[in-house]
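The values are calculated or read from the model by the stated rules, or taken from the named source; none is laboratory data. These figures come from a predicted structure and were not determined experimentally. All Cβ positions, even for glycine, are placed from backbone atoms using ideal geometry, and neighbour counts span all protein chains on display. Side chains are part of the model used for accessible areas, which takes the heavy atoms of the whole protein and leaves out ligands, DNA and RNA. Shrake-Rupley method; radii C 1.70, N 1.55, O 1.52, S 1.80 Å.
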Amino acid sequence: MQIRQATLDDLESVAPLFDAYRQFYLQPPDLPLARAFLYARLSAGESLVYLAEDAETALGFVQLYPLFSSTAPRPGRIWLLNDLYVAPAARGRGVGRRLMDRARQLAKETSAAAIELATARTNATAQALYESLGYRRDEQFLHYSLEL
């Protein structure tokens, strides 16, 4: 298994995984939307995507967005790990863990203060992975969003 940074040349490999990820979060299938979203983020340098693959098969991906925090113990860059997905056929093989390790490596390479992520309350599998890697559930802050 290889983990490497995806480029625009990888859109056809990553887009179906991204579409499946969105479906996991109850969005309707829409491969053109997934492809367009990824194209926009990658072409503008607004996110980094790491792709896990085995030979020619895309196994999973992680997408990170750069942010900044002024209230972290060490103010500065943080990475929002917003999207992590492993294809069902590749689960249980350590793909998610390897992708998470690559995200941590990126954070260290960029002297980031932290990696932040969120997951569904019902996603016990992801929560177990995150906690096994040292991530701690935020019990101090409530997170809000405003849909526009």
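Kindly provide the set of residues from region 88-103 that are within 16 Å of Pro16 (Cβ to Cβ) and either open to solvent by less than 70 Å² (accessible area, probe 1.4 Å) or in contact with a strand residue (DSSP E or B) (Cβ under 6 Å, 6 or more places away or on another chain) (or both), ordered by number.
Across region 88-103, the qualifying residues are Ala90, Val95.
When the residues of region 63-87 are filtered to those that are more than 19 Å from Phe24 (Cβ to Cβ) and in contact with a Lys or Arg (Cβ under 9 Å, 6 or more places away or on another chain), which remaining residue is least open to solvent (accessible area, probe 1.4 Å)?
It comes out as Ser69.
Which condition number in (1) among the β-branched types (Val, Ile, Thr); (2) in contact with a Leu (Cβ under 8 Å, 6 or more places away or on another chain); (3) modelled with pLDDT under 95 is the one that Thr7 fails?
So Thr7 meets the others, but not (3).
Here are the criteria: (1) out of contact with any Gly (no Cβ under 6 Å at 6 or more places or on another chain); (2) crowded, with 19+ Cβ neighbours inside 10 Å; (3) of a type in the set (A, V, I, L, M, F, W, C). Tell me which single one Ala52 does not satisfy.
Status for Ala52: all satisfied but (1).
Starting from region 8-25, take each residue that is under 11 Å from Gly60 (Cβ atoms) and open to solvent by less than 70 Å² (accessible area, probe 1.4 Å) and list its partners that are in a helix (DSSP H, G or I) and hydrophobic (A, V, I, L, M, F, W, C), counting only C-beta distances under 7 angstrom and pairs at least six apart or across chains.
Partner pairs satisfying both residue conditions: Val14/Leu38; Phe18/Ala34; Phe18/Leu38.
In region 39-125, which strands (runs of 3 or more DSSP E) lie fully inside it and hold 1 or more residues that are in contact (Cβ under 8 Å) with a residue 60 or more places away in the chain?
76-86
Within region 79-89, is there a residue that is more than 25 Å from Tyr39 (Cα to Cα) and not basic (Lys, Arg)?
Yes, the conditions are met somewhere in region 79-89.
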